[in-house]
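A short write-up of the structure that comes next.
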Amino acid sequence: MAAAAAAEAPGPWRAAAPRKRRRSAARRPRGRQAAALGREAETEADRAVVLRRLQEAAEDLLLSDFWSLALETINSCLTKHLEQLKAPDGTLLEALGNLHLNSSPDESAVTPGAIPGETLVPGTCHWKCVCYGIGNFATCVIARYQLTFLLLFLEKCQIPRRHCWVYDPLFSQLEIGVLNSLGLTVLSENEEGKRSVDGEPTIFYMPHCGTALYNNLLWSNWSLDALSQMLLIGNSFRGLEERLLGRILQKNYTYIAKILKGLEELELPETSQYTDVFNDTSIHWFPVQKLQQLPTDTWAFQEEPDYQDCEDLEIIRNKTRDH
């Protein structure tokens with residue numbers, strides 16, 4: 001059955017081919033119909049270009065020192081986090097085995113058109129993944145590599161793409177179409193980062209996002225139980241603490257300020273090849289022991305952030321929400 005399912009699945013880096021339409025010589029498209037077909041063909045061509053560029057980025061990333069070093073960092077962090085979750089044998093721990101750094105044949109000999117696909121083993125992984133703020137990957141090289149990293153990360157952790165929710169208010173219709181064709185779940189609403197883990201281990205992938213987005217995420221999961229199930233890949237919290245004045249951090253980004261002593265952070269490796277892509281990016285997780293050591297009144301404050309007096313707010317607000 002697994003072989004049959006694999007045969008039915010679309011290629012991981014290609015959009016599904018459009019169905020061929022039978023058309024008699026006496027009924028050739030004219031006027032609006034021809035224009036619509038022309039736009040459809042143009043959209044398919046544009047989508048193919050973006051998918052090809054993502055494939056090229058994947059080939060480049062897989063052969064880089066950065067990817068191997070990043071896997072080592074991720075492996076270290078996930079090992080500790082999974083021990084905290086006390087995953088039973090044969091589930092999350094089995095998925096972790098795929099993070100070992102011995103390159104597979106697919107990774108060591110990447111050729112165009114042969115990008116490693118998803119290795120989905122039913123029942124092996126209970127992770128969810130949420131991605132905010134990737135940006136316009138169709139036109140921006142930095143965003144394209146960040147998306148490529150996400151896709152390869154999902155594959156390594158055996159997280160089905162349909163279990164990864166993505167959103168950026170800047171996404172174009174072309175980019176939404178590409179993400180759908182890749183099997184990712186595109187959110188329709190700007191959540192402003194206010195998403196709860198809902199009792200399920202969740203990885204949040206948020207490279208180079210605005211500080212308020214991280215603060216909102218913490219507020220939405222402001223309990224020992226929720227934070228202990230969360231892993232965050234995004235801007236270094238230590239870097240935020242160093243760059244922002246203490247009073248600004250305490251006033252505008254209260255939840256980041258309160259959690260600094262309750263987390264562990266591992267920086268992604270710095271390499272000259274991807275300096276602008278993954279700079280200032282770390283993996284954060286929240287050990288139960290550290291959370292338990294925070295003052296008891298830490299959890300009493302749960303006021304929703306409003307940022308009314310915050311200058312240089314780096315997120316796009318949801319205009320339909322009451323602020």
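Which strands (runs of 3 or more DSSP E) sit wholly inside the range 121-215 and have at least 1 residues that are crowded, with 21+ Cβ neighbours inside 10 Å and in contact (Cβ under 8 Å) with a residue 60 or more places away in the chain?
Fully inside the range 121-215 and qualifying: 128-132, 202-206.
Looking at (1) among the hydrophobic types (A, V, I, L, M, F, W, C); (2) in contact with a Ser or Thr (Cβ under 7 Å, 6 or more places away or on another chain); (3) more than 22 Å from Cys131 (Cα to Cα), can you tell me which one Ile283 breaks?
With respect to (1) among the hydrophobic types (A, V, I, L, M, F, W, C); (2) in contact with a Ser or Thr (Cβ under 7 Å, 6 or more places away or on another chain); (3) more than 22 Å from Cys131 (Cα to Cα), Ile283 is out only on (3).
Look through the range 239-250, keep the residues that are exposed (fewer than 13 other Cβ atoms within 10 Å of the Cβ) and not hydrophobic (A, V, I, L, M, F, W, C), and return whichever of them is nearest to the chain's Cα centre (by Cα).
Going through the qualifying residues, I end up with Glu242.
Sort through Leu101, Leu170 and tell me the only one that's among the hydrophobic types (A, V, I, L, M, F, W, C), within 18 Å of Ser76 (Cα to Cα) and at pLDDT below 95.
Answer to the check: Leu101.
Enumerate the pairs (first residue in the range 296-308 and closer than 24 Å to Glu191 by Cβ; second residue anywhere and part of a loop (DSSP other than H, G, I, E, B) and modelled with pLDDT under 90) with beta-carbon separation below 7 Å, excluding pairs fewer than 6 apart on the same chain, so at least 6 apart or on different chains.
From residues that are closer than 24 Å to Glu191 by Cβ, the pairs are Asp306/His323; Tyr307/Leu313.
Just one of Leu266, Leu291 is assigned to a strand (DSSP E or B) and either modelled with pLDDT of 90 or more or touching a strand residue (DSSP E or B) at 6+ places or on another chain (Cβ under 7 Å) (or both); which is it? Reasoning before the result, please.
Values: Leu291 fails: assigned to a strand (DSSP E or B).
Criteria check complete, one pass: Leu266.
Go through the residues of the range 237-260 one by one and say whether even a single one is of a type outside the set (Val, Ile, Thr), more than 29 Å from Ala58 (Cα to Cα), modelled with pLDDT of 95 or more and in a loop (DSSP other than H, G, I, E, B).
no
Only one of Glu118, Glu42 is modelled with pLDDT under 90, surrounded by 15 or more Cβ atoms within 10 Å (Cβ to Cβ), of a type in the set (Asp, Glu) and at negative phi. Can you tell me which?
Glu118
The values are calculated or read from the model by the stated rules, or taken from the named source; none is laboratory data. All of these numbers come straight from a predicted model, not from anything done at the bench. Please note: Cβ atoms are built from the backbone with ideal geometry, for glycine as well, and neighbour counts cover all protein chains shown.
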